[in-house]
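Okay, so here's the structure we're looking at.
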Amino acid sequence: MEKEVKAIILAAGKGTRMKSTQPKVLHKIFDKPLLSWVLDSISALSKKIESIVVIGHSAHEVEDYLNKNYKYVKTTLQKEQLGTGHAAAQALPLLSDFKGLVIITCGDTPLVTTKSLRSLIKYHIENYSDLTVMTTVFDNPCGYGRIIRNTKGEIIKIVEEKDASESIKEIEEVNTGIYCLEWSKIKKAFSELRNNNSQGEYYLTDIIKWARDNSLKVLGYKNPDNREMYGVNSRIDLAQAFDMMNQRHLDELMVKGVTIYDRHSTYISPETTICEDSVIFPNTYIEGKNYIATCCKIGPMAHLRGNCEIGEGSKIGNFVELKNAKVAKKTNVCHLSYIGDAKIGSNVNIGAGTIFANYNSITKEKKTSVIADGVSIGSNSVIVAPVELKEDSFVGALSCVTKDVEADSLVINRAPIKEIKNWVKNKKEKI
Ligand code: UD1
Ligand code: CA
């Protein structure tokens, strides 16, 4: 990309339809806020891209989140939520002398991909456009702004659902809320927007008509994949967006050679990489960034909570939860275990019901345990972090391991077994 690109993300709205005390853009899909999905798609365009997030409703919460997770992102405050046009205008002081392209997008469209944003920019540049709006076609366009074209096929304006006549409501081409602007030419539009519409808001969509009236070139880039443009306005939309994001990723994984038996009960975050010939069994939930190598078996009923690496040919079985765990090759964690904050070697066998006690609820600290290659942990054991179990050591079933274990040692700390002969018989005789 020769032109410098900056982005404005609109995230000041209340999200009334969510019926929530939390700002809409912080509602999550796969444990990651809607806003974060949008920001990551933008950031992947280029490392040095500058993003400006317009905050307003619950500004402190959104700002806190951004400060913790996106230090490089700038924010600007929209004190009153007077509409999308007014929101975008709040970025003007940060872009006063900017000469490049500005992408404007909404913080509530988490499915948008970097590929589509790149295509929009390419289309804009190649066609010498001044303002390009990304459009798409929905069978049910209800709720979206409709794209009005003249007989030559040129976009002349956008009409919001609430301002639309019955015939305009029939139009299936909609505004996705994503635009590419030749900033120095379009920025003047923001001071000329008016709020004479049914909602009494300053609509960002009115920059289209403004640009036409000012003899600038306005184009539409029609995105063939309308699923990307799905906007989240309600909890029902949130569930739908979650499903769409999940199904899209499951498709990508299957195309790459991962077996997934039941797409309706398998949930895998798009941030998780799974290599070919791995098999994911039903009722598996995988969130966050994880890496699963080839020929692994995951599930049924497994839960990976992020920052996990599973080596080639390893098995994570039913009712196993993993968090921040590195598991090397050919290791089995087959049943009923919790593995949190652990480094586990290859050819390790972790018996059913093994728990890694990684959290101290008094100090609030989490500690890591290290399990070397070839270790065998008997069923129902507790590994109290931080401990290190060296190579080929063996933990007897039902042990509570609170100290490091030498290589090749057996460690066992359950009470010795005791058999009392005729105990039952004697009891019964006394009744
Ligand atoms: C908007 C578009 C519509 C488009 C749709 C795509 C306008 C007028 N309408 O409608 O044409 O089809 O997106 O999803 O632009 N926001 C602010 N400040 C405000 C108002 C909104 O920051 O004062 C933010 C919201 O937080 C949200 C985004 O702008 O992230 C869009 O606002 P929303 O109210 O959801 O607009 P839509 O009705 O979906
Ligand atoms: Ca919306």
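The numbers here are math on the coordinates, done by the rules we state, and not lab data. Note that this is a predicted model, so its numbers are computed, not measured. Neighbour counts run over all protein chains shown; Cβ positions are idealised from the backbone, glycine included.
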Note: TYR261 to GLU429 extended length (0.36 nm per residue) minus current alpha-carbon separation gives 54.8 nm
Cα-Cα longer than 26 Å, checked against LYS99/LYS209; LYS330/LYS390; LYS19/LYS48, kept in input order, equals LYS19/LYS48
Order of CYS334, CYS296, CYS180 under a 10 Å beta carbon neighbour criterion, fewest first
CYS334, CYS296, CYS180
With +1 on the Cβ of every Lys and Arg and -1 on the Cβ of every Asp and Glu, and nothing else charged, how large is the dipole of the stretch 272-426 about its Cα centre, in debye rounded to the nearest 20?
580 debye
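Measure up LYS315/LYS418; LYS32/LYS74; LYS24/LYS185 against 26 Å on the Cα-Cα distance and list the ones that go over. Let's see the in-between values first.
Working: LYS315/LYS418 35 Å; LYS32/LYS74 19 Å; LYS24/LYS185 32 Å.
Pairs exceeding 26 Å: LYS315/LYS418; LYS24/LYS185.
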Please give the calculated 222 nm ellipticity per residue for the chain, where each DSSP H segment of at least 4 residues contributes -39500 (n - 2.57) and the sum is spread over every residue; nearest 500 deg cm²/dmol?
-6000 deg cm²/dmol
Checked the stretch 23-145 against the a/c 1.5 cut and the a/b vs b/c comparison, axes a ≥ b ≥ c from its Cα gyration tensor; verdict rounded
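Normalised by the residues of the chain, what does the relative contact order come to in percent, with Cα pairs under 8 Å and at least six apart?
On the way: 1041 pairs, mean separation 38.6, N = 431.
About 9 percent, as a whole number.
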Just flag the chymotrypsin sites (Phe, Trp or Tyr not before Pro) in the stretch 2-87 sitting in loop per DSSP whose Cβ has no more than 15 other Cβ atoms within 10 Å.
TYR72
Residue by residue through the stretch 150-161, what is 3J(HN,Hα) from phi via Karplus (6.51 cos²θ - 1.76 cosθ + 1.60, θ = phi - 60°)? Round to whole Hz and write x for glycine and proline.
8, 5, 7, x, 7, 6, 9, 6, 10, 10, 5, 3
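Using the Cα gyration tensor of the chain, with a ≥ b ≥ c the square roots of its eigenvalues, what is the shape: rounded (a/c below 1.5), prolate (a/b larger than b/c) or oblate (neither)? Mind dumping the intermediate values first?
Details: a/c = 2.65, a/b = 2.61, b/c = 1.01.
Taking the square roots of the gyration eigenvalues as a ≥ b ≥ c, the chain is prolate.
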Cross-link partners of LYS188 among aspartates and glutamates (Cα-Cα below 19 Å; sequence separation of 8 or more within a chain):
ASP97, ASP130, GLU201, ASP206, ASP213
Looking only at ASN223, ASN318, ASN196, which one moves most when the chain is put into a Gaussian network model with springs between Cα atoms under 10 Å?
ASN196
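Determine the relative contact order of the stretch 178-244: mean sequence separation of Cα pairs under 8 Å and six or more apart, normalised by residue count, in whole percent. Let's see the in-between values first.
Details: 26 pairs, mean separation 11.7, N = 67.
Over the stretch 178-244, the number comes to 17 percent.
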Out of THR272, ILE310, SER234, whose Cα points farthest toward the positive end of the dipole of the chain (charges: +1 Lys, Arg; -1 Asp, Glu; placed on Cβ)?
ILE310
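Which of the peptides 119-125, 139-145 is most tightly packed, and how do the rest follow, judged by the mean count of other Cβ atoms within 10 Å per residue? Working shown, then result.
Numbers: 119-125: 18.6, 139-145: 15.0.
So the peptides 119-125, 139-145, ranked by packing, come out 119-125, 139-145.
Pick out the long, greasy-scoring helices in the chain: whole DSSP H runs spanning 20 Å or more along their own axis by Cα, mean Kyte-Doolittle at least -0.5. Numbers along the way, then the final one.
Numbers: long enough: 235-256 (32 Å, -0.38).
Helices meeting the criterion: 235-256.
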Using Cα springs under 10 Å in a Gaussian network model of the chain, which residue among THR75, THR114, THR16 shows the largest mean-square fluctuation?
THR16
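Between beta-carbons, use under 10 Å as the cut-off and find the net charge around TYR128, counting Lys and Arg +1, Asp and Glu -1.
On the way: positive: LYS217; negative: GLU126, ASP130, GLU182.
Residues close to TYR128 contribute a combined charge of -2.
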